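Taking it in order: structure first as structure tokens, then the write-up.
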Amino acid sequence: MHTIRERLRADRTQALIRDNPIQGKVMDCVAMSPASSHFITDGLYMSFAMWRFIFRARSKTIPLNGAITWKHDNDRSCRMGCDNVESLAHVICHCMTHSRALQLRHNALVGRVKIAISPRVQIMYENQRVPNSDLRPDLVVAYRNEIYIIDVTVTFEDGKDSFERARERKHLAYANIIDTFKTPTNTVEIIPFVMGALGSWDPQNDYFLKKFVSRSYLTMFRKLCSCDTIKWSRDIYTEHVTGIRQYDPTELNILAQRPPEPETVTNEEEMERRPATST
């Protein structure tokens, strides 16, 4: 009986994977970093509204037109009048009705990165057109003899490859401006900062951030970026299905739109507390 039960269970699992290939792709990305699910045990930086949203979103059990696949006569198009299927990826990443909120979500992450690295780098350009180009990277910073072209992107978690594809798009987009900053005495590097739209942290972001922030600050930084992204994605989804705006469109201070944070040691204070390196 035990063997028969296990065989039936395995058959049901294979049928679920075969009939619902989208299931599990988000969690593949979430599992890449503990920061993506840090709030499960303590709820840190989370609101109850974010909590109620994120688990249904990550399991793709959100009630959207495109999610109802068992009704053959169901209209799966976006309720905002788009020609696209109303999937969760479309709503929180691509629906231009919410372009303002999408931009604010992006700006919140850019602000996080800027605050984290600004004590140790010189900011050359911030959302400005670089010379001899129409491109506007989020940040161009100088550190010693190194130039970093930083651009933030939020992509939907469509499997682990989605992060790599987002990173490649940024490298292709900014490859032409490397020569603008390249000199015989410096190096230029493109740094795509990738976040999942449902709060998944890309471990590849650590490579760059470890150069400028302490280990404890980076641990907190990952969690804050994850919750920032979840907060905005939840606001976008809620406005989409209810028609009620979840943020103040006249509020220009992006800090006021962030999730509540406890008082903690800043990165700059943490760096000052480090013991001096002996020579």
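No lab work stands behind these numbers, since they all come straight from the coordinates. Since the model is a prediction, treat every value here as computed from it, not as a measurement. Positions of Cβ are backbone-derived with ideal geometry, glycine not excepted, and every protein chain shown enters the neighbour counts.
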### Message
Can you find, among His106, Met96, Leu198, the residue sitting farthest towards the positive end of the charge dipole of region 4-242, where Lys and Arg contribute +1 and Asp and Glu -1 at Cβ?
### Response
Leu198
## Note on the structure
Partner lysines whose C-alpha sits under 17 Å from that of Lys211, ignoring same-chain residues fewer than 8 away, are Lys114
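Using 0.36 nm per residue of separation minus the Cα-Cα distance, give me the extension gain between Asp42 and Thr219 in nm, one decimal. Mind showing how you got there, number by number?
Numbers: separation 177, 0.36 × 177 = 63.72 nm, distance 1.49 nm.
Gain on extension, Asp42 to Thr219, equals 62.2 nm.
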### Task
Would you kindly derive the ³J(HN,Hα) couplings of region 74-85 from the backbone phi angles with the Karplus curve 6.51 cos²θ - 1.76 cosθ + 1.60 (θ = phi - 60°), listing them in order in whole Hz, with x for Gly and Pro?
6, 7, 9, 6, 5, 6, 8, x, 6, 7, 7, 5
### Message
Rg over Rh of region 81-199, using C-alpha atoms and the Kirkwood radius, what does it come to?
### Response
1.01
### Query
If you take the square roots of the eigenvalues of the alpha-carbon gyration tensor of region 4-242 and sort them as a ≥ b ≥ c, do you get rounded (a/c under 1.5), prolate (a/b over b/c) or oblate?
prolate
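If each residue's Cβ is checked for other Cβ atoms within 10 Å, how do Glu164, Glu157 rank with the fewest at the top? Could the numbers behind the result be given before it?
On the way: Glu164 14, Glu157 25.
So the ranking, lowest neighbour count to highest, is Glu164, Glu157.
What's the ranking of 174-180, 126-132, 52-58, 226-232 by average number of surrounding C-beta atoms within 10 Å, highest first?
226-232, 52-58, 174-180, 126-132
So if each residue of separation counts as 0.36 nm, and I subtract the Cα-Cα distance between Asp75 and Ile115, what length gain in nm does that give?
Values: separation 40, 0.36 × 40 = 14.40 nm, distance 4.47 nm.
Extra length available between Asp75 and Ile115 comes to 9.9 nm.
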### Task
Under 23 Å Cα to Cα from Lys25, which lysines show up? Leave out anything in the same chain fewer than 8 places away.
Lys60, Lys160, Lys170, Lys223, Lys231
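Rounded to the nearest 0.05, what FRET efficiency do Thr185 and Gln103 give with R0 = 45 Å and r taken as the Cβ-Cβ distance? Could you check?
Values: r = 36 Å, r/R0 = 0.81.
With R0 = 45 Å, the Cβ-Cβ based efficiency is 0.80.
Do you know the relative contact order of region 4-242, to the nearest whole percent, from alpha carbon pairs under 8 angstrom that are 6+ apart?
For region 4-242, the relative contact order is 24 percent.
Which value, in debye to the nearest 20, gives the size of the charge dipole of region 4-242 about its Cα centre, when Lys and Arg are +1 and Asp and Glu are -1 at the Cβ?
Working: 34 positive and 26 negative charges, 126 e Å.
That gives region 4-242 a dipole magnitude of about 600 debye.
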### Query
What is the gain in length, in nm to one decimal, between Gln122 and Glu168 on full extension, counting 0.36 nm per residue of separation less the C-alpha to C-alpha distance?
14.0 nm
